[in-house]
Amino acid sequence: MPLLILRRLGNTIPTIVAVVLVIFTLFSVIPGSFTSSGDDGRMLDAQVMERMRKELGLDDPLHQRFGTYVANLAQGDLGTSFRTREPVTKVIAQRLWPSLKLTIAAMGFAILVGVPLGFIAALRPGSLIDMGSMVVAISGLSLPKFWLGLMLMYLFALTLGWLPSFGYGDGGLRHLILPAVALGVSPMALLARTTRAGVLDVLNADFVRTARSKGMSEYRVVRWHVVRNALVLVLTTIGLQFGSLMGQAVVVEKLFSWPGLGSLLVDSVFQRDIPTVQGSILVIVLFFLLINTLVDIAYVIIDPRIRYG
Amino acid sequence: MKLRANLLIGGGLVAVAVTVAVLAPWIALYDPVLDANLMNAEIPPGSEFIFGTDGQGRDIYSRIVHGAQISLTVGIVSQIANTIIGVTLGLTAGYWGGWWDDFVGLVTNLMLAIPSLIFALAIMAILGPGLTSLLIALGLTNWSYSCRIARAQVLSLKSQGYVQAARILGYGDFRIMFTQLLPNMMGPIIVIATLGMGAAILAEASLSFLGLGIRPPFPSWGSMLSEARDQITTAPWLSVFPGLAIFLTVLGLNLLGDGLRDILDPQSRERRA
């Protein structure tokens, strides 16, 4: 098992290197346009541009800059924020927990609602419950998250006054609910669909027919055969969604003024704070890769048929 | 049921959206940008302005009608670009194999590792706001699915008799790929493209909402929502209608994609999510 984990982690290294290369190239090779294509088309003044060029070492040759960037990265140094003059790692560290909290809460909502919804739908295919839950699912996938958030904010915060409309507050649950639901609706919808498809697939499998024909009770069939086998597909979806949720959170965080990585990224883009932009994208991508690796490892534990050679 | 409900409803919604976009100059009652009149500011929906007016007195209905042009242009153009890139890479990778296949695989994994919204956001940050930047940002970042599908299809098709026959007849690689293989894998590719169009429209709305896509005063549904947010207490209707427009258009594309999948790509159960 430890060998497997090591090997699986090793497999992600080429991807990580490629991601670093892309992030570096995007923002460092073409910073001329990045510094000059200001917010509303206005140019940054010459002094600021000169300072940026010097700080980013833009006058050095390309390969040297990339070498420096990677060497610093290897030591966990993401550079210094152009705005706050603080190390980017420190700025990101402050945003990481709120981001994680929002992502986990959204995923929790998605799992608690989506999986049972899809499960019930699959056990009664063609029924009203099935149709209803699939209408919910396809609608959830088509809703713009920020619009849903805006509507939730209007209803539950501004009209009914039950919940705060935005902000992080003291970090408690009340501030978390609305953004988490807005963010969690699309993974919830996807999970409902996947669970339904997965369970339906297993219900038609030969071993389920065998289990039924040998007189096993329906409860035991579902509990022992269906759930375990449908779990792999559901887990894949959970993993993929969970990993990408931090990236999807950008709009929701901005809408609710949530102090996470997403709003840091957007604010830094507007402030032309290149090191912070690069750093936040890198962390969001690493989170995605980490979750996917964990899911791959979890497969092997759940389904002993899967082996990575 | 011969004609499935999702195909019918989805096709209907998409047809409405396309019609509105095409006829926008004729069915809009006012100019979406220029007809501002502070005397008419923030009038709730009613007989004079069916969707109400915004803080500058512009007719929301006319702005939404024109917004359909932007959303659909972004959805269609960017998805055509994604499909061409994805299919070309997937087709050649699957057909030739070898180092090219490995290379395409690495690039595809890379594209899948960077969330497409984040990638598009980074490109928008560099190119600056505007329709052209949006088309580039969204047209280059979401081709990994069509690439994977095309590659998988080629792998299963290339050992078929008609491909062997074409090779024996002396057809060149590209001729085989584009005249023999491509027509036989259009079904799944059309499905992915339809679903991707909805995703592109959502991404455009998100980027415009963040202020990185289409900027005010131009009437993109996303930028309308970003303006509306500040007035949600005094004029909530400003937030309702552009959002509904996005929702119904994307819902239509998703239903249509699902319906097409049932017809064109019946064996896709494991990809159904």
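Across region B:138-218, C-alpha contacts under 8 Å between residues 6 or more apart give a mean separation that, scaled by the residue count, equals a relative contact order of 34 percent. Taken about its Cα centre, chain B carries a charge dipole of roughly 1020 debye when the Cβ of each Lys and Arg holds +1 and the Cβ of each Asp and Glu holds -1. Helix A:227-255 and the longest principal axis of the C-alpha atoms of chain A enclose an angle of approximately 30°. Peptides B:243-253, B:127-137, B:171-181 ordered by packing proxy, namely the average of other Cβ atoms within 10 Å per residue, highest first: B:243-253, B:127-137, B:171-181. Taking a ≥ b ≥ c as the square roots of the eigenvalues of the Cα gyration tensor, region B:37-123 is classed as prolate, since a/c reaches at least 1.5 and a/b is larger than b/c.
In a simple Cβ point-charge model (Lys, Arg +1; Asp, Glu -1; nothing else charged), the protein assembly as shown has a dipole of about 2040 debye relative to its Cα centre. Region A:1-29 and region A:266-305 have Cα centres spaced 11 Å apart. In order along region B:158-167, the phi-based Karplus estimate (6.51 cos²θ - 1.76 cosθ + 1.60, θ = phi - 60°) of 3J(HN,Hα) comes to 6, 8, 5, x, 5, 6, 4, 4, 4, 5 Hz; Gly and Pro are listed as x.
Given R₀ = 22 Å, FRET efficiency for A:Ala71-A:Leu9 by Cβ-Cβ distance, to 0.05? Using R0 = 22 Å, I get an efficiency of 0.55.
Distant-in-sequence amide contacts of B:Tyr30, defined by a placed amide H-H separation under 5 Å and a gap of 5 or more residues or a different chain, comprise B:Ser62.
Please name whichever of A:Ala105, A:Ala121, A:Ala180 sits farthest to the positive end of the charge dipole of chain A, dipole taken about the Cα centre and charges placed at Cβ: Lys and Arg +1, Asp and Glu -1. Projecting each Cα onto the dipole axis, the largest value belongs to A:Ala121. Counting Cβ atoms of other protein chains within 10 Å of each Cβ in A:241-254 and taking the mean gives 4.
Across peptide B:226-232, the average count of Cβ atoms from other chains found within 10 Å of a residue's Cβ is 3. Look at the alpha carbon pairs under 8 Å that are at least 6 residues apart: their mean separation over the length of chain B gives a relative contact order of 26 percent. For B:Gly130, nonlocal amide neighbours, meaning residues 5 or more places apart or on other chains whose placed amide H falls under 5 Å from its own, are B:Ile214, B:Arg215. Placing unit charges on the Cβ atoms of the charged side chains and taking the dipole of chain B about its Cα centre, the candidate lying farthest along the positive direction among B:Ile50, B:Pro217, B:Pro242 is B:Pro242. Considering only B:Met197, B:Met186, B:Met124, the mean-square fluctuation computed in a Gaussian network model of chain B, springs between alpha carbons under 10 angstrom, is largest for B:Met186.
Ordering A:Asn229, B:Gly90, B:Ile201 by Cα displacement along the dipole of the protein assembly as shown toward the positive end leaves A:Asn229 in first place; charges were set at the Cβ atoms of Lys, Arg (+1) and Asp, Glu (-1).
Compared with the dominant principal axis of the Cα atoms in chain B, helix B:98-113 is inclined by about 20°.
Assuming charge only on the beta carbon of Lys and Arg (+1) and of Asp and Glu (-1), the dipole of region B:65-176 about its Cα centre is about 220 debye to the nearest 20.
Between 0 and 90 degrees, rounded to the nearest ten: what's the tilt of helix A:173-203 against the longest Cα principal axis of chain A? Tilt of helix A:173-203: around 50 degrees. Tell me the net charge near B:Gly243. Cut-off is 12 Å between Cβ atoms, B:Gly243 excluded, with +1 for each Lys or Arg and -1 for each Asp or Glu. Surrounding charge for B:Gly243 is +2. Comparing Cα centroids, region B:82-102 and region B:1-66 end up 41 angstrom apart. Amide H contacts of A:Thr80 (H built 1.01 Å from N, in plane; Pro and chain starts excluded): A:Val88 sit under 5 Å, all sequence-distant by 5 or more or on other chains. Comparing B:Ala41, B:Ala200, B:Ala21 in a Gaussian network model of chain B (Cα springs below 10 Å), the most mobile by mean-square fluctuation is B:Ala41. Legend: mean number of C-beta atoms from other chains within 10 angstrom of residue C-beta atoms, peptide A:268-274, equals 2. When chain A is treated as a GNM with alpha-carbon contacts under 10 Å, the residue of A:His63, A:His225, A:His175 showing the greatest mean-square fluctuation is A:His63. Lysine pairs in the protein assembly as shown whose alpha-carbon atoms fall under 23 angstrom of each other, counting only those eight or more residues apart or on distinct chains, come to 6.
The numbers here are math on the coordinates, done by the rules we state, and not lab data. Source: prediction; values computed, not measured. Cβ atoms come from the backbone with ideal geometry, glycine included; neighbour counts cover every protein chain shown.
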